[in-house]
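Encoded as structure tokens, the structure appears first; notes follow it.
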Amino acid sequence: MTSVDFVDAIALAKHRQNFEETEHTRAYREMLAAVRGFQNAVVQANPSPEQLEQMTTSLQQMQAMLEAQALPEVERWYGRGGGRDGKLQLVTPQLIFEEVEDDRIHAHTTAGEFYIGMNGAMHGGIVATIFDALLGRMAAGTQGRVCRTAYLTTEYKAITPLNQRLDLVAKVESVERRKRFVTGQLWHGDTLCATADALFIEMLPGQQ
Ligand SMILES: CCCCCCCC/C=C\CCCCCCCC(=O)SCCNC(=O)CCNC(=O)[C@H](O)C(C)(C)COP(=O)(O)OP(=O)(O)OC[C@H]1O[C@@H](n2cnc3c(N)ncnc32)[C@H](O)[C@@H]1OP(=O)(O)O
């Protein structure tokens with residue numbers, strides 16, 4: 001099968017749900033953790049000209065190595081492995097799922113410096129991205145329903161800190177036909193930093 005066969009979102013999701021945790025994929029997870037560490041370090045340093053030259057050369061070499069092995073989406077490990085430790089992805093800080101029920105999720109995360117907005121606060125787009133991932137997972141529920149975001153509204157109530165545990169709560173408020181209305185909260189201790197409400201639509205066979 002090629003990526004062209006997977007214009008159908010349900011078929012693609014179903015195929016990608018079969019993900020085996022092996023030593024090899026654990027090593028991939030570790031590599032992604034190293035990339036996160038690198039991202040955090042790279043935003044914090046002003047390297048010397050020599051260090052920059054060395055870094056650029058090494059990075060270009062690694063990029064070429066990976067480009068030579070690029071695969072269609074359907075075959076990639078990236079974006080899969082959605083267990084307690086969340087998916088293998090880099091677009092949000094790692095989400096750790098503590099409890100996943102069909103109408104409620106408790107999760108937590110800690111965002112490194114890479115996700116900075118300004119003055120120690122998390123970037124607002126990242127807060128919204130965390131909610132998209134969390135509420136998308138909520139819409140999927142325990143059945144793994146394949147849904148897409150129709151809208152997502154985020155309210156920023158207090159600065160979301162970096163490098164500190166953040167607690168995430170998601171809830172299904174109501175369900176009408178293919179529509180799932182879901183809400184989310186992002187807490188730092190007793191401080192409610194952000195809230196979201198969203199509508200997710202369950203995909204029909206044949207939809208992308
Ligand atoms: C056993 C364990 C298993 C575990 C499994 C784990 C699985 C984990 C899975 C995942 C976790 C992570 C998940 C991440 C999630 C990320 C998701 C994204 O970011 S998706 C990218 C961004 N979103 C888009 O690109 C969508 C673009 N929009 C569209 O494609 C369409 O508009 C779509 C599909 C959303 C709806 O189109 P239509 O043609 O299918 O449906 P129509 O008829 O238009 O709408 C259906 C109903 O919804 C309402 N509706 C649609 N959009 C609305 C809106 N914006 N506001 C209000 N109502 C809306 C309509 O009025 C209609 O309502 P009425 O049933 O008639 O009452």
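The values are calculated or read from the model by the stated rules, or taken from the named source; none is laboratory data. What you see is a predicted model; the values in this text were computed from it and never measured. Don't worry about glycine lacking a Cβ; one is built from the backbone with ideal geometry, like all the others, and counts go over all protein chains shown. Accessible surface is based on the protein model in full, side chains and every heavy atom, while ligands, DNA and RNA are left aside. Shrake-Rupley method; radii C 1.70, N 1.55, O 1.52, S 1.80 Å.
Points worth noting:
- Segment 133-203 and segment 1-60 have Cα centres spaced 25 Å apart.
- Most positive-pole-ward Cα, Ala133, Gln185, Thr149, against dipole of the chain from beta carbon charges: Thr149
- Where N is the number of residues in segment 9-64, Cα Rg divided by 2.2 N^0.38 Å: 1.66
- Counting only residues at least eight positions apart within a chain, or on another chain, there are no lysines with an alpha carbon under 16 Å from that of Lys157.
- The charge dipole of the chain, taken about its Cα centre with unit charges on the Cβ atoms of Lys, Arg (+1), Asp and Glu (-1) only, comes to about 400 debye.
- Along its first, second and third principal axes, ordered by size, segment 70-126 spans 39, 35, 15 Å in Cα coordinates.
- Calculated P(r) tail over 19 Å for segment 152-208, as whole % of Cα pairs: 42
- Taking only protein heavy atoms and a 1.4 Å probe, the accessible area of the chain is 53% carbon and sulfur.
- DSSP H segments from the chain that extend 18 Å or more along their own axis, Cα-based, with Kyte-Doolittle mean of 1.0 or above: 124-140
- Accessible surface for the chain, divided over its residues, is 60 Å² per residue with a 1.4 Å probe.
- Cα convex hull of the chain - mean projected area over all directions, nm²: 13.2
- In straight-distance terms, cross-link reach from Lys87 covers every one of the lysines whose alpha-carbon lies under 21 Å from its own, apart from those fewer than eight places away in the same chain; here that gives Lys14, Lys171.
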